[in-house]
Every structure is written in C-alpha cells, then in structure tokens.
C-alpha cells in the first residue's frame, strides 16, 4: 500500500513538474517571439506541446484553456482602460485577438474532447477569422462525431457567413446524432427555406442560448437579438415616417408629431416624451431632418 501511495505521489509531482516546465518554455518563447514578431507566434504548436507533456495532456490542456481566458480578459481590460470602460461583445475585432485561434487549437489538440474550448471558439473566432472558426469546429466534429452541439455551432458559423446550404447540411447531420433535439431537423429546413431571415435568426439564437451554459454565449445572444429587434423597429418607423411625409409633404420635427401613429405597432414608447425606445430603453433619434431614424450614440444596441 505504501509503495503504491509513493508511486502516486511521484506521478503527481512529475505531472506538475511537466506543466511547470511547459509554462516556463512557453513564456520564454513568448517573450522572444513578442520582441521579434509582435503577437504572431507566441505559443507552441499543439503537437509540440503534446510531446512535451507526455501522458499529462489533460493538465496541459487546462493550463492552455486558462491562458486563453486570461488572454481575452486582459485584452478587454486594456481596451476598456483606453475607452472609458466601454466594450461591446459584438465588436471583438477591436481587441486584436490574434493569438486566440492558436491557443484554442493547442487546447483541443491536447484534449480533443474539450467541449468548452470548441464552444468558446465557435462564438468568438468568427469575429476574428471565420476560417479558423470553421477549422476548429471541423476538428471538434472529427474527434467527437456524435456531439450534435458541435454541428449546431458549425451550422451557426456557416449561417453567419451566409452559406445557408452548408448551414442546413450541418444542422441535418447534427439532427442524426444521439440525443439531438427535434428542432435541429426544423432548423435545417429553415436554413434552406428562409436563408437569413430575422425570424430564423431569432430561432437559432434562442436554441443556441438554451443549450449553452456559457455566460459569454448568452451575452452574445442577447446582444444579437437586440440588433434584430432594432432592425424590426426601424422598418416600422421608416414606414410611419414615409406615410407622414406622403400625407403632409414634410418630415416630422419631433416624435410628438407622429406619436398617435404608433398605436397598434410593436414599438415601445416612452410615456414622458412620446419617443419610441430601443431594446436598451434609450429613445431613438430622428435623423436626416426628421426623415429617417437612428440609434442614440449611447445605445447598447449594435450600431
């Protein structure tokens, strides 16, 4: 018994030592690469990291996963420090996350069943490099062919790229996997029939939020749905403005001029000002001398 316990302790110490050495090697290479190449080549490749960690790939994958989260977190903090604390999830391109694809690729090479890394990449990578996003999800499906959620995420990425036939194929393939919900088949049909319609987008976002426990994904879904709501409101308001101009020969000077025309619409109205409000509860603004509508500059809805 004692010999077994000693062996286990030695194995654990070896594992921890391997991860520490990996970390030091990565940091050392990272500093050299940062000096020479900026942020293009800071980390080891997946196969190299896998060889260095031997039988302790799971621990190394966890370490890389934490580095991925820290990397994005530091970028957000730096951005907010430079922009008065304002950052919106819908514009990840402003963070310059060049290393994130490599970090997630290494994480999933070390642990091909690391579902959280695939899911995280499915949401963030399309804003950075959609080809990297597709590559990561295809890799995930190859390693986990029965995971219907990965097909859903890949279908979502193809939908973002307006490749609706491919999106439909992924939803259909996912629908055949064990435990897949019935709506996967329905979404495959909607991708083909409705393409990029707002209704199909809402349906997709709703299902994406339901199956994910990740707060980042839920925040992204809320953000994108608010954009769809704004586009619907804009259609209604532009029709109201067009009708008013056709009848009066001019555009309204304020929202009060047309407030009686909002009855029976889906618009939310501020009871004090009579102005229609956006999904973040800020009033819309009249633009182009009252002939069009736009979001307030302080709105949290994607502009």
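The values are calculated or read from the model by the stated rules, or taken from the named source; none is laboratory data. This one's a predicted model, so the numbers in the text were calculated from it and none came from an experiment. Note that we place each Cβ from the backbone using ideal geometry, even for glycine, and neighbour counts take in every protein chain shown.
Residue 293 passes every criterion in (1) part of a loop (DSSP other than H, G, I, E, B); (2) within 34 Å of the chain's Cα centre (by Cα); (3) in contact (Cβ under 8 Å) with a residue 40 or more places away in the chain apart from (1). The one condition from (1) in a loop (DSSP other than H, G, I, E, B); (2) closer than 24 Å to residue 227 by Cα; (3) touching a residue at least 24 places away in the same chain (Cβ under 8 Å) that residue 112 does not meet is (2).
Just one of the listed residues (245, 250) is part of a loop (DSSP other than H, G, I, E, B), at pLDDT 95 or above, surrounded by fewer than 16 Cβ atoms within 10 Å (Cβ to Cβ) and more than 32 Å from the chain's Cα centre (by Cα), and it is 250. With respect to residue 69, is the statement that it is closer than 27 Å to residue 201 by Cβ and part of a helix (DSSP H, G or I) true? Considered against the rule, which asks whether it is closer than 27 Å to residue 201 by Cβ and part of a helix (DSSP H, G or I), residue 69 comes out as no.
Only a single criterion out of (1) assigned to a helix (DSSP H, G or I); (2) farther than 17 Å from residue 296 by Cβ is not satisfied by residue 231, namely (2). For residue 119, indicate whether it is within 25 Å of residue 302 (Cβ to Cβ), free of Cβ contacts under 8 Å to residues at least 12 places away in the same chain, in the same structural domain as residue 80 (by TED's automatic domain parsing) and within 15 Å of the chain's Cα centre (by Cα). No; evaluated as a whole, the condition is false for this residue. Taking segment 202-217 only, how many residues are surrounded by 15 or more Cβ atoms within 10 Å (Cβ to Cβ) and without any contact (Cβ under 8 Å) to a residue 40 or more places away in the chain? Adding up the residues that qualify gives 4. Tallying residues that are part of a loop (DSSP other than H, G, I, E, B) and either modelled with pLDDT of 95 or more or in contact with a strand residue (DSSP E or B) (Cβ under 8 Å, 6 or more places away or on another chain) (or both) within segment 259-270 yields 2. If the condition is being at pLDDT below 90 and in contact with a strand residue (DSSP E or B) (Cβ under 7 Å, 6 or more places away or on another chain), then segment 271-303 contributes only 273. A count restricted to segment 276-289 and to residues that are under 32 Å from the mean Cα position of the chain (by Cα) and in a loop (DSSP other than H, G, I, E, B) stands at 6.
Taking the criterion of being surrounded by fewer than 15 Cβ atoms within 10 Å (Cβ to Cβ) and touching a helix residue (DSSP H, G or I) at 6+ places or on another chain (Cβ under 7 Å), the only residue of segment 166-184 that qualifies is 179. Residues of segment 125-133 include none that is crowded, with 17+ Cβ neighbours inside 10 Å and not assigned by TED's automatic domain parsing to the domain that holds residue 71.
Beta carbons closer than 6 Å, at least 6 apart along the sequence or on distinct chains, pair a first residue in segment 241-252 that is in the same structural domain as residue 290 (by TED's automatic domain parsing) with a second that is surrounded by 12 or more Cβ atoms within 10 Å (Cβ to Cβ) and not in a helix (DSSP H, G or I) for 244/252; 244/258; 245/251; 251/290; 251/291; 252/258; 252/290.
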